[in-house]
Amino acid sequence: MPQLVAGQPAGPAGDMGLQVARRVREIRRARHMSQRQLAGRMMVPRTYISKIENGKAIPTLGSLERLAMALDVPVSQLVRDERSRREEEIAAILADPFLAEIAALLPHLSPVHRALFSGAVHDAAGGQRRSA
């Protein structure tokens with residue numbers, strides 16, 4: 001059964017609800033799915049999806065599982081926090097050998113060399129250099 005909450009809950013539970021709301025909306029939109037379509041897959045009213053996405057309802061574990069199944073993602077994709085998302089993005093970037101090599105060298109550069117390197121990469125990519 002959906003858990004309805006009045007206003008924005010305070011503390012970690014409220015933060016988690018907002019993260020779930022944001023993730024559900026992001027994933028649903030990325031799948032080019034309407035709230036009505038998602039509700040149909042879950043066999044719930046469209047208003048329930050709207051309440052989840054607006055942080056007015058926090059889904060139970062059972063509802064999270066059904067949401068994940070309807071969106072074709074693991075439950076962990078719905079509840080991961082900003083830190084774990086950032087770690088995944090970093091891992092994806094460092095999976096590129098070229099970028100991993102650059103990342104390893106950056107701590108050894110002075111601020112001036114970093115600026116020069118950034119400008120050179122920007123120029124090589126065809127962008128216009130910003131003047132200081």
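Across the stretch 90-102, coupling constants 3J(HN,Hα) worked out from phi with the 6.51/-1.76/1.60 Karplus curve, θ = phi - 60°, read 5, 4, 5, 5, 6, 6, 7, x, 4, 5, 5, 5, 5 Hz, and Gly and Pro carry x.
Most exposed first by the Cβ proxy, i.e. fewest other Cβ within 10 Å, how do Met42, Met69 rank? Don't jump to the answer; show the numbers that get you there.
Numbers: Met42 18, Met69 13.
Least to most surrounded, the residues fall as Met69, Met42.
The stretch between Arg29 and Leu61, if pulled fully straight at 0.36 nm per residue, gains 9.3 nm over its current Cα-Cα span. Stretching the chain fully between Val112 and Arg83 yields a gain of 7.5 nm (0.36 nm per residue, less the alpha carbon separation).
Here the dipole of the stretch 56-129 is about 280 debye; that uses its Cα centre as origin and unit charges on the Cβ of Lys and Arg (positive) and Asp and Glu (negative). Extending 7 Å from the Cα toward the beta-carbon at both Arg22 and Ala91 defines two label points whose distance is 2.0 nm.
Coordinate-derived values only; no laboratory data. A quick note: this is a predicted structure, and the numbers were derived from the prediction, not measured. Here Cβ is always computed from backbone atoms with ideal geometry, including for glycine, and neighbour counts include all displayed protein chains.
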